[in-house]
Amino acid sequence: MEIIAAIDIIKGKCVRLTKGDFSKEKVYSDNPRKLARIWEISGADRIHIVDLDGAKSGRLENRETVLEIIKEVKVPVEIGGGIRSLEIVKDYIENGARRIILGSIVLEDEKLLEECLSLYQESITISLDVRANKLSINGWLKDTDISYIEYAKRLEKKGVKEFIYTNIERDGTLYGPDLTGLSQLINTVRTPVIASGGISSIEDIIKIKELGAKGVIIGKALYEGKIDLKEAKLYAH
């Protein structure tokens, strides 16, 4: 199972939110590029970047910071937030991003998803951001009535090769992951699933691995010193 270190960016700084609430922002670093290098040295298999400004506005807001991180590390970098066109997907991939994370735009523009899968199928990851078993979109600011399970099944048929499952109510809380929701998804689709949200301990990582997840994204637990990446790797691999 892959250990993935999260770097969320607002105005060029590395931050963490609680439950996706932009009013509950805590800055951890003014230098995301340096932080990415630290996580790489510590053993991260991937760097997971979210442009939170972009997720909120629907536009690229931190492109230069993202490209600096990609140049800084050798491990794969994935990026999400504000990616709303094929041109942006192409730009990031041509500049070294290994995976592109699509969220809200897939609901609004299935043609874009089809184009992305046609050109970059192995590089496209779909983010399933969930509150009360329903999808949430637009930087987690808008809830829908769409079942994440049914939605995942539909996208799998279209050829999606990877999902990220995040329970918003757990994200940034250190309360532990939503193992029930994660298990339901893993047991429903054949597509690999990455777990995210609430991971706070090595025990959480062990449980997620036992469920069959492809990987786990760790954010706040790293920044608060709750999880050591090198130790996490020992239990994940």
Legend entry - Wholly enclosed strands (runs of 3 or more DSSP E) of region 73-160 bearing at least 2 residues in contact with a Leu (Cβ under 8 Å, 6 or more places away or on another chain): 124-131, 134-137, 142-147
Inset, instruction - Could you check, for region 52-67, whether at least one of its residues is among the basic types (Lys, Arg) and part of a helix (DSSP H, G or I)? - result: yes
Legend entry - Members of region 98-108 that are over 12 Å from Glu162 (Cα atoms) and either among the aliphatic types (A, V, I, L, M) or surrounded by fewer than 16 Cβ atoms within 10 Å (Cβ to Cβ) (or both): Ile105, Val106, Leu107, Glu108
Inset, instruction - Determine the pairs where a residue that is farther than 14 Å from Asp129 by Cα, located within region 165-186, has a partner that is charged (D, E, K, R) and not in a helix (DSSP H, G or I) with Cβ atoms under 8 Å apart, the partner being 6 or more residues away or on another chain. - result: Thr173/Lys19; Leu174/Glu224; Leu174/Lys226; Gly176/Arg170
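Among the candidates Leu86, Leu117, Leu102, Leu113, single out the residue that is without any contact (Cβ under 8 Å) to a residue 40 or more places away in the chain and either among the polar types (S, T, N, Q) or over 20 Å from Ala195 (Cα atoms) (or both).
Leu86
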Inset, instruction - Would you tally the residues in region 65-109 being under 15 Å from Pro32 (Cβ atoms) and modelled with pLDDT under 95? - result: 1
Inset, instruction - Give the residue that is surrounded by the fewest Cβ atoms within 10 Å (Cβ to Cβ), with candidates limited to residues of region 211-221 that are hydrophobic (A, V, I, L, M, F, W, C) and in contact with a helix residue (DSSP H, G or I) (Cβ under 9 Å, 6 or more places away or on another chain). - result: Leu211
Inset, instruction - Working only within region 190-210, note down all residues that are surrounded by fewer than 18 Cβ atoms within 10 Å (Cβ to Cβ) and either within 20 Å of Glu150 (Cα to Cα) or among the small types (Gly, Ala, Ser) (or both). - result: Arg190, Pro192, Ser201
Legend entry - Some residue of region 162-178 being surrounded by 15 or more Cβ atoms within 10 Å (Cβ to Cβ) and assigned to a helix (DSSP H, G or I): no
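The values are calculated or read from the model by the stated rules, or taken from the named source; none is laboratory data. These numbers were taken from a predicted model, which means no experiment stands behind them. Using ideal geometry, Cβ is built from the backbone for each residue, glycine included, and neighbour counts are taken over all protein chains shown.
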